[in-house]
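Undergrad: Structure in structure tokens, see below.
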Number of protein chains: 2
Amino acid sequence: MTEFDKGPQGLRRGRGARERIIGASQQLFRDQGINRTGMDQLCAAAQVSKRTAYQHFANKDELVAEYLRRFDPDVMPGVFDRPDLTPRERLLAAFEMPETTPLCPYIAASVELHDPQHPASEYAREYKTAIAARLTQAAREAGATDPEQLGEQLALLIDGASARTRVLNRDSFPTAAAIAAVLIDNAIPAPAQR
Amino acid sequence: MTEFDKGPQGLRRGRGARERIIGASQQLFRDQGINRTGMDQLCAAAQVSKRTAYQHFANKDELVAEYLRRFDPDVMPGVFDRPDLTPRERLLAAFEMPETTPLCPYIAASVELHDPQHPASEYAREYKTAIAARLTQAAREAGATDPEQLGEQLALLIDGASARTRVLNRDSFPTAAAIAAVLIDNAIPAPAQR
DNA sequence: GATTAAGCACACCAACTTGTGTACTTAACG
DNA sequence: CGTTAAGTACACAAGTTGGTGTGCTTAATC
């Protein structure tokens, strides 16, 4: 019984070792941080031998990069894929944080790795840019006079709430949402609001 | 030649050891991060023997805590000690970041140490609270209707700019300052503005 | 049944970490 | 002078890290 796909060449055995590795990294990197999570512990959690892990990922850095790539800016916190909301509501939805993410993993990775050249750091930059672009687009749809500016501002608010939540150990997203509401109302000319 | 550093060969004894250690930690922790800076390297940079370092600080954690304590919320970036500015200008002055601080060391420490119980993490929380309190006070002096709210909002903007600057490798404080201007003008009733 | 890819168990390595122990040297001071 | 506080140099312990080498086992396909 093949439980799984039999690709033209690839045959997945057991149960997706690669997926388990990434799954374990998502949990451990988030809970303990990247630097404080050793490959031994990670492999144990993934129920994968260390040897196998290093056959899937050349080194830890590459695993970290792949771990970050798994977060997709298009599926943020269900912000841009909700046609039931008005544009304004969609912009505000970005501040309902899924409390599974105590600190944006990109900020964490940038700080922990401490190397702007690191592939993960570079992807973090891409991601942040993508998020701002999505917000800009939503701002445009909402009729903002300067969508770029509003998008960048909202992105900054999200990062601020994320960082502050981490340091203070207290949810700062409501504060950010309050600011966002002010900015949005200021940026959208009255006739377009509803 | 009395009590000052002087010695036959590079022997800086007398009274500077502790200060040199902290000085080196300020530079290295900022440039390389805390976890990536070993005590060996730090002692070499401070021109202090490792033994001496451990006579001044029980362990690295304590050094990290002391390193953070050296940042004083009262002397932020010369924000609250400038009677030449109007209250409004004083609030905005908080966003002229001294570019010597790429990322607020408290956010960095919180992320790197990854332990809310760590003395440095706890001090980071105190510091952030103190900053918000100072901003709240300035907001009150500026005549804001809800100074607490404005202070908290401005603090969040600072953190957002700090985090975002780090991740994007691009100064985000102007964006934060623009938001701050909007918030301030919205929070201060017209007659009180000047 | 043979082949083959994927994985496992486990020992092992080299580098690096924080932190000590020990014996020696210097400067200040009464 | 002698005492003492501060510091040095250096070896070393004990732990952790990322990463390999090797031989063996499984399961699906040929």
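Undergrad: Using only the alpha carbons of the protein assembly as shown, determine the length spanned along each of the three principal axes and report them from longest to shortest in whole angstroms.
TA: Cα spread of the protein assembly as shown along its principal axes, largest to smallest: 78, 76, 30 Å.
Undergrad: Inside 10 Å of the C-beta atoms of B:177-188, what's the mean count of C-beta atoms belonging to other chains?
TA: For this peptide, the per-residue mean of nearby foreign Cβ atoms is 3.
Undergrad: Relative to the longest principal Cα axis of chain A, at what angle does helix A:17-32 sit, 0 to 90 degrees, rounded to 10?
TA: With rounding to tens, the tilt is 60 degrees.
Undergrad: To the nearest 20 debye, what charge dipole does the protein assembly as shown have about its Cα centre, counting +1 at the Cβ of each Lys and Arg and -1 at the Cβ of each Asp and Glu?
TA: Approximately 1180 debye in magnitude.
Undergrad: If each label sits 7 angstrom from Cα along the C-beta direction, how far apart, in nm, is B:Asp84 from its counterparts in the other copies?
TA: Label-point distances to the other copies, shortest first: 5.8 nm.
Undergrad: To one decimal in nm, how far is B:Glu19 from the same spot in the other copies, if labels go 7 Å from Cα toward Cβ? Please give the shortest first.
TA: Those separations, rounded to one decimal, come out as 6.2 nm.
Undergrad: Over the whole of A:105-111, what's the average partner chain Cβ count within 10 Å per residue? Rounded to a whole number, please.
TA: Average per residue, whole number: 5.
Undergrad: A further question follows. Along the Cα-to-Cβ line of A:Met39, 7 Å from the Cα, sits a label point; which residues in the stretch A:50-83 have backbone N less than 16 Å from it?
TA: A:50-67, by backbone N distance to the label point.
Undergrad: Mean-square fluctuation check for chain B, GNM, Cα pairs under 10 Å: which of B:Ala24, B:Ala178, B:Ala138 is largest?
TA: Answer for the Gaussian network model of chain B: B:Ala178.
Undergrad: Right, here's the next one. Once Rh for chain B is found with the Kirkwood sum over Cα pairs, what is the Stokes-Einstein diffusion coefficient at 25 °C and 0.890 mPa s, in µm²/s?
TA: Estimated via Stokes-Einstein, D reaches 132 µm²/s.
Undergrad: Tell me what the protein assembly as shown gives for mean residue ellipticity at 222 nm when only DSSP H runs of n ≥ 4 count, each as -39,500 (n - 2.57), the sum divided by the residue total, rounded to 500 deg cm²/dmol.
TA: -19000 deg cm²/dmol
Undergrad: Can you compute the charge dipole magnitude of chain B about its Cα centre, using +1 on each Lys and Arg Cβ and -1 on each Asp and Glu Cβ, nothing else charged? Give it in debye, rounded to the nearest 20.
TA: I would put it at about 700 debye.
Undergrad: What are the nm distances, shortest first, from A:Asn59 to its equivalents in the other copies, labels at 7 Å along Cα→Cβ?
TA: From this label point to the equivalent ones elsewhere in the assembly: 3.0 nm.
Undergrad: Please work out, to two decimal places, the log10 of the ratio I(q)/I(0) at q = 0.20, 0.23, 0.30 Å⁻¹ from a Debye calculation in which every Cα of the stretch A:17-60 carries one identical scatterer.
TA: -0.51, -0.68, -1.13
Undergrad: Enter the angle in degrees (range 0 to 90, nearest 10) between the Cα long axis of helix A:147-168 and the first principal axis of the Cα atoms of chain A, meaning the one along which they spread out most.
TA: Between the helix axis and the principal axis of chain A, the angle is about 60 degrees.
Where a number appears in this text, it was derived from the coordinates with a stated rule and is not lab data. These figures come from a predicted structure and were not determined experimentally. Because the Cβ atoms are built from the backbone with ideal geometry, glycine has one as well, and the counts that use them run over all protein chains shown.
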